[in-house]
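Inspection log for the structure reproduced underneath, given as structure tokens.
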Amino acid sequence: FMLRARLAMATDLPAEKQAVRSFMRRYSEALSRSPWQGLPELENAGGAFCPESCPTQAWTMACLLEVVEDLGDEN
């Protein structure tokens with residue numbers, strides 16, 4: 001929701017889109033390493049694996065897809 005708010009409230013939308021894309025790269029890297037192609041529900045300190053966590057969280061993926069939609073048709 002933070003990323004969507006940044007885009008919605010941006011005074012310099014092109015620059016804000018670039019900043020959001022840069023932030024989203026972290027998620028892209030995590031998704032590519034995940035056997036589930038998703039983001040975990042929980043992490044331990046420093047992003048360490050949490051064995052009690054769900055390996056992929058549907059609502060998290062939905063939020064990321066909404067940000068991608070907000071960014072428009074650019075990659």
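A few comments on the model shown:
- 3J(HN,Hα) from dihedral phi, segment 41-57, Karplus parametrisation 6.51/-1.76/1.60, rounded to Hz, x for glycine, proline: 5, 9, 9, 8, 3, x, x, 5, 4, 10, x, 7, 8, 5, x, 8, 10
- Column: log10 I(q)/I(0), Debye, Cα scatterers of the chain, q = 0.22 Å⁻¹: -1.02
- Residues whose placed amide H lies under 5 Å from that of CYS54, excluding near-sequence neighbours: GLU41, LEU42
- Based on DSSP H segments of at least four residues, each scored -39500 (n - 2.57), the chain has a per-residue ellipticity at 222 nm of -18500 deg cm²/dmol.
- Spin-label model distance (nm) - CYS50 vs ALA10, 7 Å beyond Cα toward Cβ: 3.0 nm
- Accessible surface area normalised per residue over the chain is 74 Å², counting heavy atoms of protein chains with a 1.4 Å rolling probe.
- Once C-alpha pairs closer than 8 Å and six or more residues apart are averaged by separation and normalised to the residue number of the chain, the relative contact order reads 28 percent.
- Exposed loop sites are taken as chymotrypsin sites (Phe, Trp or Tyr not before Pro) in a DSSP loop (any state but H, G, I, E or B) with at most 14 other beta carbon atoms within 10 Å; the longest stretch of the chain without one runs 2-35.
- Estimated at 0.36 nm per residue, the fully extended path between LEU31 and GLN18 surpasses their Cα-Cα distance by 2.7 nm.
The values are calculated or read from the model by the stated rules, or taken from the named source; none is laboratory data. In this text the structure is predicted, and so the values were computed from the model without any measurement. FYI the Cβ positions are ideal-geometry reconstructions off the backbone, even for glycines, and counts take in every protein chain you see. Side chains included, ligands, DNA and RNA excluded: accessible areas come from the protein's heavy atoms. Shrake-Rupley method; radii C 1.70, N 1.55, O 1.52, S 1.80 Å.
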